[in-house]
Amino acid sequence: MYHWIQASPSDFSGTLPQPRSGHTAVIVGKSKLVVFGGLVDKKFLSEITVYDLENKLWFKPECSGSGSDDGQVGPSARAFHVAVSIDCNMFIFGGRFSNKRLGDFWVLDTEIWQWSELTSLGDLPSPRDFAAASSIGNRKIVMHGGWDGKKWLSDIYVLDTMSLEWMELAVTGTLPPPRCGHTATMVEKRLLVYGGRGGGGPIMGDLWALKGLIEEENETPGWTQLKLPGQAPSPRCGHTVTSGGHYLLLFGGHGTGGWLSRYDIYYNDCIVLDRVSAQWRRLPTSGDPPPARAYHSITCVGSRYLLFGGFDGKSTFGDLWWLVPEGDPIAKRSPLEALPPNRDDSVHSRKESQSEGSAILELQKRLEISASVSSSGLQIVDELEDREFLELASGLIGDEVSNNGQEIQAVRDHWRKSAPSSVKLKELGPLLRDYQRLITRHYLANGGADLTSTESHFPGKDSHRFYHIKSASKLRMDDIPKLLEEYKQLSSD
């Protein structure tokens, strides 16, 4: 039995990756999970976000090296590319930017966080997106299929990461139909390819095995279609297949209907290909599963699986979920401990009403204000009524809160000294509320000016941009550095 558990603030520190789909997430060097690229609200991403497995820390490394024409270091923004790790290096090929298929080739050395472009070295595969790739041992990479903008592909390329040479593999006999959006997973001596969308548009549910990729075996390359017993998955593309122990875990994807269409059927089922019994079976799970999705990532982290991101035809996800075995310490965690939702604001809007002309109503209490209500319906609470703020204060000063102002100053000093990557998720609620308190008091001290008024002495149109946010769950991860910067300015006044 496995258990679905939504990630909790205690699981991570640092700045989580923003919502996305069509990204890659690979384990590099056994200690880092590297997330690259993706798509959210028609915006293609080029950022690198890393999860340090040992320290449970998310961070964005400062990368050096070659870059694109616009002066950016590293590959240009993209989604639906392939990424494979060999030792401490992550290799990137292809993908899509807007309507353009890419054919550039990059490597990131994660020991020194340096990008190198390898596009000019030799003959490369043709530009494509939605290809599938896997490592062969600790030296080579195999890539299959994809879409070049005009046709579905069925070619096989092998990259030698020592010589950096690509070789197209000549395969005889029956070939799988061309496809994209499929998975390709190296299992011992065979490459297993499942599903995808094929020529003419059908979404497929076939399983193929390719031999002849291991030089020492001296086998003639050839495909075999496998028809295994058991509860096979329904046809799909945009799914993931992740290797763990003696089985492969298939999750999610979409089937039937159009390409990335909201009318497709999206899945959140878990199906296992058991390598020992050579059959499909449903993985029994407990707990509420994640919402159905495709173009997500699932990575094996020890005995757990970590799900991130994806798309369901309407929403781009930024949530993180664990799939854990029976007996895992978090298996019985309450759903109430989950992270706040992290979704694409274009669909799950955080727009708060900012009606004009309403003044702040001052309700005096202990520190001049205990509950002021703005035109947005925002509730401002006093520090001594903010339970999470007081718990944080108690943790910082190591005492029971004494109501003498020392604890308030300790928390504000803590945030003034903090970098965005060090702010824990459980601190976001108290931080946002204290930011709003400071703004409210500032404007009350200046005659009770309306925060939405054009005469409210804002330093600029983007100042206090988070004042009308009612809950930290409405914040995106890339909002945190901006929020912290504004908070430091306010708390130093």
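Give the residue list of GluC sites (Glu not before Pro) in region 40-81 that are DSSP loop and have at most 13 other beta-carbon atoms within 10 angstrom.
Passing sites in region 40-81 are E54, E62.
Surface calculation, 1.4 Å probe, protein heavy atoms: M162 sits at approximately 140 Å² accessible.
Could you estimate the translational diffusion coefficient of region 34-177 from the Stokes-Einstein equation, with Rh from the Kirkwood formula over C-alpha pairs, at 25 °C and 0.890 mPa s, in whole µm²/s? In µm²/s, the coefficient rounds to 154.
When S315, S66 are compared by accessible area at a 1.4 angstrom probe, the order from most to least is S66, S315.
For the pair region 279-308 / region 122-165, the C-alpha centres are spaced 26 Å from each other.
Would you mind calculating the gained length between L228 and T174 on full extension (0.36 nm times residue separation, minus the Cα-Cα distance), in nm to one decimal?
Once the chain is fully extended between L228 and T174, it gains 17.6 nm.
For a Förster distance of 25 Å, can you work out the FRET efficiency between the beta-carbons of H442 and K314, rounded to the nearest 0.05? So the FRET efficiency works out to roughly 0.05. Principal axis extents of the Cα atoms in region 1-107, from largest to smallest and rounded to whole angstrom, are 44, 29, 26. Highest average first, the peptides 147-159, 271-283 ordered by how many other beta carbon atoms sit within 10 Å of their residues are 147-159, 271-283. As a fraction of the 1.4 Å probe accessible area of region 222-306, surface on carbon and sulfur atoms comes out at 54 percent. Annotation: the antiparallel percentage among DSSP beta bridges lying fully within region 1-148 is about 90. Taking 31 Å as the limit for the C-alpha separation, the pairs K32/K227; K60/K100; K150/K482; K151/K314; K42/K417 exceed it in the case of K32/K227; K150/K482; K42/K417.
The values are calculated or read from the model by the stated rules, or taken from the named source; none is laboratory data. No experiment lies behind these values; they were computed from the predicted model shown. Positions of Cβ are generated from backbone atoms using ideal geometry, with glycine treated the same way; all protein chains shown enter the neighbour counts. For accessibility, only protein heavy atoms count, side chains too; no ligands or nucleic acids. Shrake-Rupley method; radii C 1.70, N 1.55, O 1.52, S 1.80 Å.
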